[in-house]
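Structure record follows, encoded as structure tokens.
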Amino acid sequence: MRCSQADIVKIRSSLVALAAFAMLSVPATAAGPAVSVRDAWARHAPMLEGEAAKSGSGNGAVYATIVNNGATADALLSASTDAARAAEVHETYQDAGMVMMRQVEQVAVPAGGKVELKPGGYHLMLFDLTRELRTGQSIPLVLTFRNAGKVSVTATVR
């Protein structure tokens with residue numbers, strides 16, 4: 001079967017249109033995750049001293065940088081780890097000259113931006129540690145985001 005020059009042009013145009021449609025249909029995760037977590041580290045809660053810190057009981061905290069490379073804002077909703085019986089998203093704030101801490105429902109992560117979980121700001125609290133947090137070891141966590149879903153993270157204990 002022989003094709004005319006006009007038929008070849010139509011076929012090429014159709015293939016280009018089909019390829020463009022296919023590229024638009026690929027999920028964003030195919031190009032890599034929109035949200036990533038880097039430089040995660042953990043420690044015993046700063047107010048924890050003495051025997052509780054040595055025995056591995058008590059509480060801990062996790063800090064990290066969350067980067068959103070996507071075009072849509074996202075939000076950190078929760079965290080979990082086998083290193084503690086519970087993990088919560090918290091923020092530090094001041095009230096009547098006192099430094100306080102409270103659980104928050106989410107931490108907004110702007111599109112194309114980043115959020116730092118750091119001492120004195122947003123952080124993850126680990127309640128009722130299941131093991132001692134020893135310097136140099138690491139603990140696994142799973143952070144859950146509204147759009148990105150579950151992201152596995154490893155935090156190094158400092």
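The values are calculated or read from the model by the stated rules, or taken from the named source; none is laboratory data. Predicted model only: the values in this text are computed from it and were never measured. For neighbour counting, all protein chains shown are included, and Cβ atoms are generated from backbone atoms with ideal geometry for every residue, glycine included. Quick note on the areas: whole protein, heavy atoms, side chains included, nothing else; ligands and nucleic acids left out. Shrake-Rupley method; radii C 1.70, N 1.55, O 1.52, S 1.80 Å.
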Checklist outcome for this item: the range 77-158 accessible area per residue, 1.4 Å probe, protein heavy atoms, integer Å², reads 57
Item to check | For the range 61-95 versus the range 103-158, the gap between their alpha-carbon centres in whole angstrom | outcome: 4
Next on the checklist: Under 12 Å from a point placed 7 Å out from the Cα of residue 65 along the Cα-to-Cβ direction: which residues of the range 91-124 have their backbone N that close?
Outcome noted: 114-117
Next on the checklist: On a full-extension model of 0.36 nm per residue, what is the gain between residue 80 and residue 96, subtracting their alpha-carbon distance, rounded to one decimal in nm?
Outcome noted: 2.6 nm
Checklist entry - In percent, how large is the relative contact order of the range 47-158, given Cα pairs closer than 8 Å and 6 or more residues apart? => result 35
